[in-house]
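Data block below; observations after.
The values are calculated or read from the model by the stated rules, or taken from the named source; none is laboratory data. No experiment lies behind these values; they were computed from the predicted model shown. Here Cβ is always computed from backbone atoms with ideal geometry, including for glycine, and neighbour counts include all displayed protein chains.
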């Protein structure tokens with residue numbers, strides 16, 4: 001009985017595993033599963049955005065026209081960030097088993113990626129101008145995080 | 001007689017056992033995807049894949065040559081786009097100075113960003129090579145990494161400043 005109640009409750013909210021943003025992180029997993037190349041994996045960056053925007057536009061009644069997109073970009077970035085952490089941790093575990101050197105090189109690669117990403121997305125913010133800076137920055141960091149996931153996943157391809 | 005043979009040898013293009021890289025494949029792909037900033041990335045790897053499918057292209061040396069040839073083309077595009085952006089940034093910075101603006105100049109930011117990209121590329125592709133711990137796959141894997149990252153950066157620079165406000 002309790003279980004049936006829980007299922008009903010689960011069905012009455014949109015079938016998203018994530019937060020209240022209406023973004024479904026599982027869509028990213030599916031896209032990555034179907035993709036076979038690094039480029040195709042990076043192109044999964046915007047997966048889930050359309051459904052999120054439809055949901056957000058339906059829910060949002062405020063007067064900031066950028067809010068739904070900003071909110072969905074943020075949710076999308078969070079989902080990719082979680083994916084990156086999981087992918088990086090798995091790679092690090094795998095490399096640590098092989099020795100100190102590859103693991104340290106992976107850490108170095110990740111540090112240099114962070115420096116590069118910060119520079120690039122600051123530039124994107126600056127270039128977009130004051131009113132669009134937030135969206136441009138959010139889009140940049142989401143896209144670059146997705147690309148880094150694609151890179152780390154593809155490093156395993158040649159094995 | 002020997003001189004004639006040597007002359008003939010020099011006149012034939014490249015070496016017979018080297019796979020032929022066709023630079024037109026990349027140019028055609030960039031033309032085909034022009035105007036769509038996201039899709040030009042499908043071009044990365046197309047020309048080298050075609051090259052590796054040719055006779056001699058599937059050996060370690062052949063793969064390395066094909067990947068290096070495509071990387072060189074992306075690198076040329078990257079340099080063209082970087083030079084264009086730097087010129088634009090320097091001109092804008094000069095205007096700011098004339099106006100007495102206190103805004104941060106753009107050119108040093110662009111230069112720093114490119115230096116950071118190089119560090120990112122090198123550390124990522126070095127890691128890629130070391131993962132194979134001296135195996136023969138380390139060369140092509142590292143070369144593939146260089147090509148992929150150079151292509152992505154060339155396209156980032158190309159699309160920088162383009163209007164992508166509608167992008168999700």
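In region B:3-25, the count of residues that are modelled with pLDDT of 85 or more, more than 16 Å from the chain's Cα centre (by Cα) and outside any helix (DSSP H, G or I) is one or more.
Quick check on residue B:132: is it crowded, with 18+ Cβ neighbours inside 10 Å, within 11 Å of another protein chain (Cβ to nearest Cβ) and either in contact (Cβ under 8 Å) with a residue 60 or more places away in the chain or in contact with a helix residue (DSSP H, G or I) (Cβ under 9 Å, 6 or more places away or on another chain) (or both)? So residue B:132 does not fit the description; no.
Given the criteria buried (at least 17 other Cβ atoms within 10 Å of the Cβ), within 14 Å of chain A (Cβ to nearest Cβ) and either modelled with pLDDT of 90 or more or within 27 Å of residue B:125 (Cβ to Cβ) (or both), does residue B:89 qualify?
yes
If we scan region A:95-111, do we find a residue that is within 9 Å of chain B (Cβ to nearest Cβ), surrounded by fewer than 21 Cβ atoms within 10 Å (Cβ to Cβ) and under 23 Å from residue A:28 (Cα atoms)? Yes, there is a match, as at least one residue in region A:95-111 is within 9 Å of chain B (Cβ to nearest Cβ), surrounded by fewer than 21 Cβ atoms within 10 Å (Cβ to Cβ) and under 23 Å from residue A:28 (Cα atoms). Note on region B:92-125: residues that are out of contact with any helix residue (DSSP H, G or I) (no Cβ under 6 Å at 6 or more places or on another chain), within 9 Å of chain A (Cβ to nearest Cβ) and more than 21 Å from residue A:124 (Cα to Cα) total 1. Listed by position, the helices (runs of 4 or more DSSP H) enclosed by region A:15-129 that each have at least 2 residues that are touching a helix residue (DSSP H, G or I) at 6+ places or on another chain (Cβ under 6 Å) and at pLDDT below 95 are A:38-42, A:49-59, A:67-96, A:100-128.
From the list A:43, A:74, A:66, pick out the single residue that is out of contact with any strand residue (DSSP E or B) (no Cβ under 6 Å at 6 or more places or on another chain), within 11 Å of chain B (Cβ to nearest Cβ) and surrounded by fewer than 19 Cβ atoms within 10 Å (Cβ to Cβ).
On the way: A:43 fails: surrounded by fewer than 19 Cβ atoms within 10 Å (Cβ to Cβ); A:74 fails: within 11 Å of chain B (Cβ to nearest Cβ).
Answer to the check: A:66.
Just one of (1) closer than 24 Å to residue A:107 by Cα; (2) assigned to a loop (DSSP other than H, G, I, E, B) fails for residue B:103. It is (1).
For region A:143-153, does any single residue satisfy the condition of being under 20 Å from the mean Cα position of the chain (by Cα), under 26 Å from residue A:67 (Cβ atoms), free of Cβ contacts under 8 Å to residues at least 40 places away in the same chain and within 12 Å of chain B (Cβ to nearest Cβ)? Yes: region A:143-153 contains one or more residues that are under 20 Å from the mean Cα position of the chain (by Cα), under 26 Å from residue A:67 (Cβ atoms), free of Cβ contacts under 8 Å to residues at least 40 places away in the same chain and within 12 Å of chain B (Cβ to nearest Cβ). Working only within region A:77-87, note down all residues that are under 16 Å from residue A:141 (Cβ atoms) and surrounded by 13 or more Cβ atoms within 10 Å (Cβ to Cβ). Those that are under 16 Å from residue A:141 (Cβ atoms) and surrounded by 13 or more Cβ atoms within 10 Å (Cβ to Cβ): A:77, A:78, A:79, A:80, A:81, A:82, A:83, A:84.
Looking at region B:70-82, can you tell me whether even one residue there is more than 21 Å from the chain's Cα centre (by Cα) and within 23 Å of residue B:26 (Cβ to Cβ)? No.
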